[in-house]
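Structure record follows, encoded as structure tokens.
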Amino acid sequence: MTSLVGDIVERKSGSTSSNAPHTRPTGTNTTGFPLVQHRSQSAFSRARQAAQRNPPTTSVPRIIPVASTTGNSKHLPPPSDDIQSIQSQISEENERRVAAMSPQEREQEIDSVKEHLGVGIEDMIRKMQEARKRRRLKQELEDNKRPSSPLPDFRDDVPTEPSSESIDIESHIPTSPTQYPVLQASLKSAVAIKRLGPPEADHPDRPSSTPPRMRKLRFADPKPSDIHVYESAPSSPRRVMGLLPLPDESDRAGPSSNVVQLPTLPFSSLRRRVPQPQESQESPSVSGNDTSDGTPEHIRAQYFPEAPSDDPSLAWIRNVPSSVVSSSSGQPEELRFDLQGRTLSAEDASALPTHLGLHHHSNPSQLAGYTLADLLHLSRSTVPSQRSTMLTVLSRILRRERLSEDTFKKIFAVGLEASQVGTNLNVCTSGVELLWSALVKSASPVEESTLKGIPTESVISLFADHLSSQVLPMTSLLQILETLLKLVTLSPDLCASLLSIPQLLPLIVRVFLPPPIGNDGPSAEVNALRLFHQLARSSRANAEKLSETADAALRFLVIVPETPSAQLLAAETLTFYSILGRYGLYAHIAATANAHISKLGNNLLIQLQSGVHSPPLEYLAEAWLHLLECWIVCAIDPHQTSPPHEILWTQISNWEWGETILELLLQSSSRLGVVWTAACRALSAWLDGAAVNSPRNGEQERTLVYEKLRHAISDGDIQDALQEDVNSLMISLRDTGRDSLSLTEERSFDRLSATLKLVLSTHPPFGSDTETQTALDLPITFTSMQALADLIVDASSIIPSPRTAAFLQVQTRLRRRLRRESDMEWLSFAMTLPTSVPLGEEEFIAWLFDQIAILLTKDLASALSIPTPPDMWDGKGIETLLPFLVESLYPSEIRLAPFFPTPESLKFTLTQCNSPSPSARIASLPAPRSWPLWPLDHLLRSGTSQVFRKLPPSWDASETDVVRASLVLCLVSQKLVKSKMPRSEAMFGCMKIFMLEHEQPNDASTSEVYRDKSVESSMRLLLNPYTWANRHDISEHSDDLSLEDAAKAYLGASTPFYQFYSDFLALYDAISFGHDLFGTLLLGPISQRYPRDYRKLLIGDHRHVLRYIRTEPGQVLSGDLSAYLYPVETNGESISLFLGALTLNAGLSGLEGFLRLIAVHHVSCNIWPDLRHHSGSKHGQDDQDAKEQERARRLLGLVSSQARAAVVRDVVRYRQMGPEVDVLLSPDCFDAPNEVVEQRRAWLRSIDSNLAERLNDHFSVPSV
């Protein structure tokens, strides 16, 4: 426990309080007592006699120089100049190695150093640097104050004293032979302690009482396996001896060894003996009579001779039972841990000695180590040192073990309690470390769901109080900063809570972002800037608050960064300004700090030209280019910034950013790394802005880029590298079972997207009269670009991500611009994209809808054999749907920033988090495959939909026109897209068309929309591939999505589909007049896969409409008719409903078509034993019990007495082969084989002969 013991300082040999030698007082008796003084002699006389005995010295004592021995000279420290030279060389070598590392490698090395040396190593190194600086300044001041005239140097005559940094052991060798064994033992202990290695630095910030020039010793951190307990170790922990490692083999060689052999104690060993499995605990005759040294019987006989052997009060001296040793189940909650948080095996827990400090806990007291219950109990101790130690142990356990959620919450509560303001400083420091370990370094994955059981608001408020008071050491404050960063990263909703604390932002700036003062001044913390990044990304409102303190980060751009740490701070500052720039905020700083921004860009260009490509430098260049890209986009349309006109295009032209970006792109063409990607994006934005704001649509700028890059882009190395990216992505994306891209895949997508976007920007805009001679060639083949895009769209294992969406967007626009494929080929690919891009790309999908409306003409519909009304194309055709489609892209007020910033996205972007808050996760993208039917949602909600308030005055389409256009667009999508929409989405879309008549006034002047010939034919054409008769024509659709799931996007979470179906059924009863397609849609929810309430609603509550539903089995909208038949209905109420449907209107026409098959099936399967056997019943034909037989007899009697003769014949002769085979349809299902019929007749005669006689004719005559 290094937190409880200070540093041990070795006193210099021979040091005394005075240089004068100690002399024995005169007149001292040999016994040590003073001589008797007679009072007859006065004090004056005694003083005169003393002066006569010791006359005053009048000569100067002669200084006798002592020559240093040869053995001592080799331990002298080197000259100070050599030390400084060595230190500077080591420092330069370390800086070069760090500069050559990537940011990921540096983070990995930092974590490795913290793991080995402790979390406080940063503060320790900082203090060492500051101390070294103070010593250097002090030495310089002493050199300046030294007199110019040299003084005589008497150092050769002065005995050399060993330095505190290098202790000469040989100079301390005693001359007395009696002291030699003790010296050898101490030397052996010193060597052993040195061999144990450095401990884990848990509290490096604690001030030390050791002088700075004195050599420091630290306690070792041994493991249980490293400790050898000598026989001289005491059994009581009152005097803890030094823990030594096992002796070397050379020390055990024999009598020639120099190891001092100490006398042994009466007992042989203190190491607890582990009972072997073969030792029986129930046979005391074997172990109880053993009186050898160290055994329980020996201890009892020596110290408690009068107590009997089986005295319960002496159970503590006996061996640990084997059941106790093996009682742990291996769960973290039941394991035992040492003070370093390491788990102890059962053998170590029972065999370790008691003086190691691992037995101070509750039962079982025989085992060493602490359980989690012990640690949680002791972490609330009233002794601060004990409480701090236990909290530290819990922190180490969290970093090593995966704990349950309940245990995690208990430990977190302990840390939160210990971290309160006003607690003991050591306890509070350990509590903060525990919270940091739980949220940042925990071995258990900490996700957003984990935070639901944690009082995060209290944690943030507590951390704010600690930052305000600044009582804790810097190490704890840094842990607080890192924990806050983790919290806001996991839950963006906490950002608003963090920013609601007054004066928190200025406090973070003052504590963690001090102004740089030279190379050795206070260093800023990168995590503070990264915290600002996450806060700004969370929402636009938070970014506006942060822009008020954004000036403080300019201090890291004033001086051109040269060291890796300064470059990292500058890069994070530029990234912070880029995040603000994507909202259109804080763009005025481009003009305010233009001198520093331009100077930084020129310095980057010079270093890249000189061949410097260190990771920090490339990271800084990437951040600088991303910032310029955002500010260029802001300048394209200055009305989109907040406030407007913060940056203008004329400023961009005057600053010559485009030329600097172009030079950086050329310098990075040999590596194609992150600088190339960022430069392509920035240069593309500059060309897009020039096409809008420069003369002749930016022809001069495009010509400049073309002349500079045409040879570089067409270079074989660049083409080979980009083609290799395409090939590797096509191989890796075929792997299934992944939900995210790897880092290599992300960089490949970034490189391809940025390069293709630059090529696209060199083309003149649509409608321009400029020649296309300035357009760059494609760096990859057109077919490979198409193949990769098709793979992204078709691969079901790839979840849409911003990077895949960026590539799809760029290559789609480029394919449209190059026109190397037909309109139908481009349209077939474009109509799949709404389902393949994530939230944030709404602007691109809106552009896609415009292009689809332009290309989808009457001729294209005719080529696809899609009938359209002639008057549809007299108006605007598909363009009628554009307002509804675009409005459907923004179902909520949350708008995510796109991957490539655009002028239109600046003002409307409200968040840059890829996972917005839960309240904003109702998104339109990726869109369902039924997106062409989105306009129907607005027609159904015409009273509340905002689109009707935004329609232009020229829009004059009717409700029927909108439905026609939607169905035509849906049919075109079904023809062109490989992946068809699910059957349930097509059914629900048509149900919405019928529901347009819901709550409409009965006006004879207007007809129902669904009765329009074009609408009706389009619905039949849409639903025809999903019927059971055409089940083999389409293999892409799936029945996994139910109608309830398909309706959630429209109905929301508060409205159940059952309510919609009730209204739909009531509407059929009111206005359908037996419309066949209307009735067919009613059959979907009565499948056995849906709750019984739907069947009760149709067959029970609306039984009177059943005779109008004459849907045949081939027209049923299902791919598997057995879903309506199996499992067989056994509920009594449901069977009564089916029986009532069969006996409905016995004198008139009853059930027809597929409904009759369903009712006969469920009634027959509850009567005949052979059908019950096929349906999966537990009983066969011969083992039906009396209750089931009675139920079947009564049910058959009701059928025979109430139903028509044709229905009775169908029930008697009905058959099916089971759910595993195809369903038998009429007439085959009503013609059971004769042997089956005879078996049924025999069974019926056995239970009711009269009923069998009454049905004899039905058994004999087959159904017609």
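Filtering Leu627, Leu662 for residues that are in contact with a Lys or Arg (Cβ under 7 Å, 6 or more places away or on another chain) and over 15 Å from Thr902 (Cβ atoms) leaves a single hit, Leu662. Residues in the range 405-451 that are in contact with a Gly (Cβ under 8 Å, 6 or more places away or on another chain), over 21 Å from Val471 (Cβ atoms) and aliphatic (A, V, I, L, M): Ala438 alone.
If you go through the range 586-633, how many residues are in contact with an Asp or Glu (Cβ under 7 Å, 6 or more places away or on another chain) and either open to solvent by less than 10 Å² (accessible area, probe 1.4 Å) or outside any loop (DSSP other than H, G, I, E, B) (or both)? Explain how you work it out, then say what you get.
Residues of the range 586-633 in contact with an Asp or Glu (Cβ under 7 Å, 6 or more places away or on another chain): 587-588, 605.
Within this subset, residues satisfying the condition of being either open to solvent by less than 10 Å² (accessible area, probe 1.4 Å) or outside any loop (DSSP other than H, G, I, E, B) (or both) are 587, 605.
Selection size over the range 586-633: 2.
Among the residues of the range 871-890, is there at least one that is under 32 Å from the mean Cα position of the chain (by Cα), closer than 30 Å to Cys495 by Cβ and part of a loop (DSSP other than H, G, I, E, B)? Scanning the range 871-890, I find at least one residue that is under 32 Å from the mean Cα position of the chain (by Cα), closer than 30 Å to Cys495 by Cβ and part of a loop (DSSP other than H, G, I, E, B), so the answer is yes. Quick one: count up the residues across the range 805-827 that are open to solvent by 40 Å² or more (accessible area, probe 1.4 Å), outside any helix (DSSP H, G or I) and of a type outside the set (Lys, Arg). Of the residues in that region, 1 qualify.
With Leu568, Leu507, Leu557, Leu535 as the choices, which residue is surrounded by fewer than 23 Cβ atoms within 10 Å (Cβ to Cβ), under 26 Å from the mean Cα position of the chain (by Cα) and at pLDDT 90 or above?
Leu568
Would the range 725-742 turn up any residue that is under 19 Å from Ser684 (Cβ atoms), touching an Asp or Glu at 6+ places or on another chain (Cβ under 7 Å) and either open to solvent by 20 Å² or more (accessible area, probe 1.4 Å) or at pLDDT 85 or above (or both)? Scanning the range 725-742, I find no residue that is under 19 Å from Ser684 (Cβ atoms), touching an Asp or Glu at 6+ places or on another chain (Cβ under 7 Å) and either open to solvent by 20 Å² or more (accessible area, probe 1.4 Å) or at pLDDT 85 or above (or both), so the answer is no. Looking only at residues of the range 641-661 that are farther than 30 Å from Glu562 by Cα and buried (at least 19 other Cβ atoms within 10 Å of the Cβ), we find that the one that is nearest to the chain's Cα centre (by Cα) is Thr641.
Looking at the range 771-791 only, could you name the residues that are among the polar types (S, T, N, Q), in a helix (DSSP H, G or I) and surrounded by 20 or more Cβ atoms within 10 Å (Cβ to Cβ)?
Selection gives nothing.
To keep it simple, each residue is scored yes or no on (1) on the phi < 0 side of the Ramachandran plot; (2) in contact with a Leu (Cβ under 8 Å, 6 or more places away or on another chain).
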{"site": "Glu656", "(1), (2)": "no, no"}
{"site": "Thr660", "(1), (2)": "yes, yes"}
{"site": "Gln667", "(1), (2)": "yes, yes"}
{"site": "Val675", "(1), (2)": "yes, yes"}
{"site": "Gly689", "(1), (2)": "yes, no"}
{"site": "Thr703", "(1), (2)": "yes, no"}
{"site": "Tyr706", "(1), (2)": "yes, yes"}
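Restricting attention to the range 578-625, which residues are on the phi < 0 side of the Ramachandran plot and out of contact with any helix residue (DSSP H, G or I) (no Cβ under 8 Å at 6 or more places or on another chain)? Steps first, answer last, please.
The initial filter retains those residues of the range 578-625 that are on the phi < 0 side of the Ramachandran plot, namely 578-583, 585, 587-610, 612-625.
His588, Thr592, Ala595, Lys599, Asn603, Ile606, Ser610, Val612, His613 - these are the residues of the range 578-625 that are on the phi < 0 side of the Ramachandran plot and out of contact with any helix residue (DSSP H, G or I) (no Cβ under 8 Å at 6 or more places or on another chain).
When Ala496 is tested against the conditions (1) under 21 Å from Leu434 (Cβ atoms); (2) part of a helix (DSSP H, G or I); (3) open to solvent by 30 Å² or more (accessible area, probe 1.4 Å); (4) not charged (D, E, K, R), the lone failure is (1). Within the range 109-132, residues that are more than 20 Å from Ile397 (Cα to Cα) reach partners that are assigned to a helix (DSSP H, G or I) with beta carbons closer than 7 Å, at six or more positions or on different chains, in the pairs Asp123/Met474; Asp123/Thr475. Highlighted here are the helices (runs of 4 or more DSSP H) found entirely within the range 893-982 that include at least 1 residues which are touching a Phe, Trp or Tyr at 6+ places or on another chain (Cβ under 7 Å) and over 20 Å from Pro883 (Cα atoms): 903-908.
Tell me, which residue of the range 1132-1153 that is closer than 26 Å to Trp1028 by Cβ and assigned to a loop (DSSP other than H, G, I, E, B) is modelled with the lowest pLDDT? Of everything passing the filter in the range 1132-1153, Ser1149 is modelled with the lowest pLDDT.
For the range 1079-1094, a residue qualifies if it is of a type outside the set (Ser, Thr, Tyr) and more than 18 Å from Cys990 (Cα to Cα), and the qualifying residues are Gln1088, Arg1089, Pro1091, Arg1092, Asp1093.
Among the residues of the range 900-910, those identified as in contact (Cβ under 8 Å) with a residue 24 or more places away in the chain and open to solvent by 40 Å² or more (accessible area, probe 1.4 Å) are Glu904, Lys907, Leu910.
Hey, any hits in the range 828-838 for a residue that's within 30 Å of Leu580 (Cβ to Cβ), open to solvent by less than 30 Å² (accessible area, probe 1.4 Å) and aromatic (Phe, Trp, Tyr)? For the range 828-838, residues within 30 Å of Leu580 (Cβ to Cβ), open to solvent by less than 30 Å² (accessible area, probe 1.4 Å) and aromatic (Phe, Trp, Tyr): absent.
For Thr483, state whether it is hydroxyl-bearing (Ser, Thr, Tyr), open to solvent by less than 20 Å² (accessible area, probe 1.4 Å) and free of Cβ contacts under 8 Å to residues at least 60 places away in the same chain. Yes; evaluated as a whole, the condition is true for this residue.
Screening Asn594 with (1) modelled with pLDDT under 95; (2) under 18 Å from Val526 (Cβ atoms) gives one miss only, at (2).
Per the conditions (1) closer than 30 Å to Ala346 by Cα; (2) crowded, with 19+ Cβ neighbours inside 10 Å; (3) not charged (D, E, K, R), the sole criterion not satisfied by Cys428 is (1).
Out of the residues in the range 538-554 that are open to solvent by 20 Å² or more (accessible area, probe 1.4 Å) and of a type in the set (Ser, Thr, Tyr), state the one that is modelled with the lowest pLDDT. Among them, the one singled out is Thr549.
You will find that of Arg702, Arg710, Arg671, the residue that is assigned to a loop (DSSP other than H, G, I, E, B) and modelled with pLDDT under 95 is Arg671 and no other.
Only one entry of Arg1172, Arg1156, Arg1193, Arg1209 meets the criterion of being at pLDDT 90 or above, within 60 Å of the chain's Cα centre (by Cα) and open to solvent by 10 Å² or more (accessible area, probe 1.4 Å), and that entry is Arg1156. Taking first residues from the range 370-390 that are surrounded by fewer than 17 Cβ atoms within 10 Å (Cβ to Cβ) and partners that are at pLDDT 90 or above, the Cβ contacts under 6 Å between residues at least 6 apart in sequence or on separate chains come to Ser381/Arg387; Pro384/Asn424; Pro384/Asn426; Pro384/Val427.
Among helices (runs of 4 or more DSSP H) lying entirely in the range 1018-1119, which contain 1 or more residues that are closer than 22 Å to Gly1153 by Cα?
Those helices (runs of 4 or more DSSP H) span 1057-1071, 1076-1082, 1092-1095.
The values are calculated or read from the model by the stated rules, or taken from the named source; none is laboratory data. Quantities reported herein were computed from a predicted structural model and do not represent experimental measurements. All Cβ positions, glycine included, derive from the backbone under ideal geometry; neighbour counts span all protein chains shown. Side chains are part of the model used for accessible areas, which takes the heavy atoms of the whole protein and leaves out ligands, DNA and RNA. Shrake-Rupley method; radii C 1.70, N 1.55, O 1.52, S 1.80 Å.
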